[in-house]
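Trainee: Just passing along the structure, written as C-alpha cells.
The values are calculated or read from the model by the stated rules, or taken from the named source; none is laboratory data. Fair warning: this is a prediction, and the values are worked out from it, not measured in the lab. Quick reminder, even Gly has a Cβ in these numbers, built from the backbone with ideal geometry, and neighbours come from all protein chains shown.
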Amino acid sequence: MMKIKDFLFSLRGKAILVATFFIVIFMAITGYVILSREKALYLKDRENQARVLVEAAGINFTNTLLYQEVGLIEETGVIDLYILDLLNKEKSILTVIIFDNDGKVIAHCHLVEHGKFYENAEEIITHQATLVREVNDKNRGPFLEAITPLIVGTKRIATLRIEFSLKDFYVKLADLGKWIFSLTILAISGSIFFVVLGINAMTRPIRRLSKAMDTIDYGRFDTLSERPRRDEIGHLQMSFTDMVRRLRDADLQWENTFNSITDLIIICGRDFRVVKANRALAQGLNTTTDRLKGKMCWEVFHSEIALKPALNGPCPDCPHVVTLKTGNPSAMEIEYSSLGGIFQVTTFPVWNEKGVVTGTIHVAKDITEQKRLQEKLIQSEKVAAMGQMVSGIAHEINNPLNSILGYATYLLETVDDSSPLKDELDRIARAASRCKETVKRFLNFSRETPTRMEPVDIHEVVGEALAMCYPTISAQGIKVMKEIGADLWINADKGQIEEVFINIILNACDATSRGGELFIIAHRDGSMSTVQNRSWIKVKITDTGCGILQENLKRIFDPFFTTKEPGKGTGLGLAVSHTIVKNHGGAIDVESTVGKGTTFIITLPEILSHYREEGQVRD
Ligand SMILES: Nc1ncnc2c1ncn2[C@@H]1O[C@H](COP(=O)(O)OP(=O)(O)OP(=O)(O)O)[C@@H](O)[C@H]1O
Ligand SMILES: [Mg+2]
C-alpha cells in the first residue's frame, strides 16, 4: 500500500499517470471520431443507394399506374407482382407501400394492408421530392425510409414509400467499432509502454541524485561516479556533486576540530542517548566513536552498572537534565568509574530552529589530579593548623600533667609497698605519662620528632595496651582471646607502639557491639624472606564488629578521616598509628567484611635474640 502511495506521489508516478490520462482521452476521442465518420459515410452511401432505387422503382410504378389508368393494362395485380419482384431482387427492402393522394394504401407487399389508412400517411404524401431518412422505430429498431412522389407531368398520382433494413449496416458498424476499440487499446498500451520507458529514462538520474542525497544524510559523502549528462539534469548533478564536496570539506573540518579537543565530549539527545562522541572519549574508554553512538550516557560513564543497578539512570542533579529543563549551561563534578577519575562536567544546550532544546553538548574535563592536589593541600593545611594548635596547647597540658605525674611519683615513693593504694597510684602515674606520650605523639605527628628506640617485647607491649583498654573492653563485655608467640622482640619506641595497639583495640571496641569478640594473634612470619638476618613479626587484631565499607577502606589512614559522631573521634588514631609503624620500618594492612568484622595486620621487623643480648639493635 505504502509502495503504491510512494509511486503515486513520485515524480515518475505523476508523469506516467498524467501521460496515461491524456493518451487514453486522446485515443478515445480519436476512436470515436473515426467511428462517427465511418458511420456517416456508410449511411450516406446507403441513402444514395436507397434514393436511386426508390426513384427508379417510382418510374416503373408511375408507368404501371398510368397504364392502368388509361386502360393499357387490364389485368389487376401487376403492381403487386412488380413489388414482389423488387423484394426478391433487393434483399434489404423491408416493405414497399404506395399511397394514393388521400393517404390510402393502394399497393403493399402484404396484401392484407391494401385499402388501409396509416397515421403517418398524411405526412408522407406531402413530400414533393424524393426523401431518404433514418427512422428509429421503438418496436422495429432503426431502418431507412425512402419516399418519392409518383408524378405524371405536373400531376401527382401517388406516393411510393420503401423501407430498407439497416440491420447489416449496424452489424458492420459494431464490427468496425470493435476493431477501432481493439486498435485504440493497442495504441494506448504501446504509447504507455513507451511513455513509461521514456519517463523512467528521464527520471533515473534524478532518482540517483536523490539516493546520493539520502546517503549524505547518514554522513557518507560518496558522490556520483558516472559522467554527468549534458542536459539540465547533468547541471543539477554537477551542482550537487559540488555541494557534496563542500559539505564533505565542512564536515571533515568540523570532525577534525571535534576530535582535536582533549576534553571528553558527547552530543547527547533528549533521550540520554549518545548522538556523537569525540575521539578523546573513545580512546579513554578503549573503544571507537561509532561504538559509543546510540548508548545511554550512563552506560558510557559508569562501568559498574551491572553491580549497582541504581546507577542505571541519570546521575543525581545530572547537568544534562538541568540544561534540558532550563536551557542554560550547567556544571558539576562527577566521578566516572569507566574512566577512573573525577571530571568537571559542563553541559551546553543544543537548540533547533523552533527554539526547542533537542539535546546537550556534554564536555567532561579530567580534574582528578587537580582534586588530589587540592585535597592534599587542604590536608596539609589541616595538619599544619593542627600542629600549630597542638604545639600551642602542649605546654598548657604538659604543666598540669607534670604536676599529676610528679605528685603520683612522690606518693608512690611515700606509700608502703603493701599499701592497697600503690597499685592505683602506679596506674595514675602510668596514665599521666601516657598522656605526656600522646601529647608528644601529636607533636611527633606534626613535627616528625625523632623517636627513642629500644628492644621491646611484643607480649609485654600488647599486654600493657590491653590493660590500658581494659575499662572499655569490660564495659562493652567484649571477650578477648590472645595468642602471642614466645620471644617476639622488636626494636621500637615502646610508648609509640603501645599507642598503635591501643588505637586499634579501641577502634575494634567502638565497632563491636556488646558481647563481641577480639582476637590478638602475634607470630613470626615464616613466609617472608629473612634478608640480612631480618625476619618479621605479624600482629593480627581481629574483631567481630560492623566492618568497613569498601569506599572507606582506602581513606581510613587519612588524617582526620572519621565516621564517628563529632566529639567521639578525631580521625587521627589510624593516621598516627600508620606514621608510627612506617617510622619503625613496618606496615599496617587491613581486611574487612561489612557485617562480619575487621582484621588489622601490623607487620614489624624482628630483632634476633643474639643482637638483643649483645645490646646491638638495628634502627
Ligand atoms: N575495627 C574497625 N572496625 C570498623 N571501622 C573501623 C575500625 N577501625 C577503624 N575504623 C574506621 O576508621 C575510621 C578512622 O579511624 P581512626 O582511628 O583513624 O579515627 P577515629 O577512631 O574515628 O578517631 P580517633 O581514633 O582519633 O578517636 C573510624 O572512624 C572508623 O570508621
Ligand atoms: Mg580511633
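Trainee: Can you list residue pairs whose Cβ atoms sit under 8 Å apart, with the first residue in region 294-321 being farther than 15 Å from Asp271 by Cβ and the second being modelled with pLDDT under 85 and part of a helix (DSSP H, G or I)? Count only pairs 6 or more apart in sequence or on different chains.
Mentor: His302/Leu311; Glu304/Leu311; Ile305/Leu311
Trainee: Now for a different question. Select from region 144-170 the residues that are more than 28 Å from Glu69 (Cα to Cα) and touching a Ser or Thr at 6+ places or on another chain (Cβ under 6 Å) and write down the one among them that is surrounded by the fewest Cβ atoms within 10 Å (Cβ to Cβ).
Mentor: First, the residues of region 144-170 that are more than 28 Å from Glu69 (Cα to Cα): 144, 164-170.
In the following step, the residues that additionally are touching a Ser or Thr at 6+ places or on another chain (Cβ under 6 Å) were identified as 164-165.
Working: Phe164: 23, Ser165: 17.
Among those residues, the one meeting the criterion is Ser165.
Trainee: Could I ask something else about it? Within region 471-493, which residues are part of a helix (DSSP H, G or I) and surrounded by 12 or more Cβ atoms within 10 Å (Cβ to Cβ)?
Mentor: Thr472, Ile473, Gln476
Trainee: Return only the number of the condition from (1) within 16 Å of ligand 2 (Cβ to nearest atom); (2) not in a strand (DSSP E or B) that Leu518 does not satisfy.
Mentor: (2)
Trainee: Could you say which residue among Glu460, Glu396, Glu353 is in a helix (DSSP H, G or I), modelled with pLDDT of 90 or more and not basic (Lys, Arg)? Write out each step before concluding.
Mentor: Working: Glu396 fails: modelled with pLDDT of 90 or more; Glu353 fails: in a helix (DSSP H, G or I).
So the residue among Glu460, Glu396, Glu353 that is in a helix (DSSP H, G or I), modelled with pLDDT of 90 or more and not basic (Lys, Arg) is Glu460.
Trainee: Is at least one residue of region 135-149 in the same structural domain as Phe7 (by TED's automatic domain parsing) and either touching a Cys at 6+ places or on another chain (Cβ under 7 Å) or assigned to a helix (DSSP H, G or I) (or both)?
Mentor: As a first pass, look at region 135-149 and keep what is in the same structural domain as Phe7 (by TED's automatic domain parsing): 135-149.
Checking which are either touching a Cys at 6+ places or on another chain (Cβ under 7 Å) or assigned to a helix (DSSP H, G or I) (or both) leaves us with none.
Checked region 135-149: no residue is in the same structural domain as Phe7 (by TED's automatic domain parsing) and either touching a Cys at 6+ places or on another chain (Cβ under 7 Å) or assigned to a helix (DSSP H, G or I) (or both).
Trainee: Taking the condition under 20 Å from Met468 (Cα atoms), more than 8 Å from ligand 1 (Cβ to nearest atom) and either of a type in the set (Gly, Ala, Ser) or modelled with pLDDT of 95 or more (or both), does Val539 pass? Step through it out loud before you land on a result.
Mentor: Working: under 20 Å from Met468 (Cα atoms): yes; more than 8 Å from ligand 1 (Cβ to nearest atom): yes; either of a type in the set (Gly, Ala, Ser) or modelled with pLDDT of 95 or more (or both): yes.
When the stated conditions are applied, Val539 passes them.
Trainee: Tally the residues that are within 16 Å of ligand 2 (Cβ to nearest atom) and either among the β-branched types (Val, Ile, Thr) or assigned to a strand (DSSP E or B) (or both), restricting the search to region 573-596. Please lay out each step first, then the result.
Mentor: Initially, region 573-596 is screened for residues within 16 Å of ligand 2 (Cβ to nearest atom), giving 573-581, 588, 590, 592.
From what's left, either among the β-branched types (Val, Ile, Thr) or assigned to a strand (DSSP E or B) (or both): 576, 579-581, 588, 590, 592.
Residues in region 573-596 being within 16 Å of ligand 2 (Cβ to nearest atom) and either among the β-branched types (Val, Ile, Thr) or assigned to a strand (DSSP E or B) (or both): 7 in total.
Trainee: When both residues are 6+ apart or on different chains and their Cβ atoms are under 6 Å apart, which pairs have a first residue that lies in region 15-37 and is under 25 Å from Ile206 (Cα atoms), and a second that is surrounded by 15 or more Cβ atoms within 10 Å (Cβ to Cβ) and among the small types (Gly, Ala, Ser)?
Mentor: What qualifies is Ile23/Ser191.
Trainee: While we're looking at this one, here's another question. So, in region 549-565, of the ones that are under 12 Å from Val590 (Cα atoms) and within 12 Å of ligand 2 (Cβ to nearest atom), which residue ends up farthest from the chain's Cα centre (by Cα)?
Mentor: Phe557
Results for (1) of a type in the set (A, V, I, L, M, F, W, C); (2) at pLDDT 90 or above; (3) more than 30 Å from Asn136 (Cβ to Cβ), shown as yes or no for each residue.
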| residue | (1), (2), (3) |
| --- | --- |
| Leu35 | yes, no, no |
| Glu55 | no, yes, no |
| Glu74 | no, no, yes |
| Asn88 | no, yes, no |
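Trainee: Inspect region 431-454 for any residue being at pLDDT 90 or above and not charged (D, E, K, R) and give the result as yes or no.
Mentor: Keep residues of region 431-454 that are at pLDDT 90 or above, which gives 454.
Now narrow it down to the ones that are not charged (D, E, K, R): none.
No.
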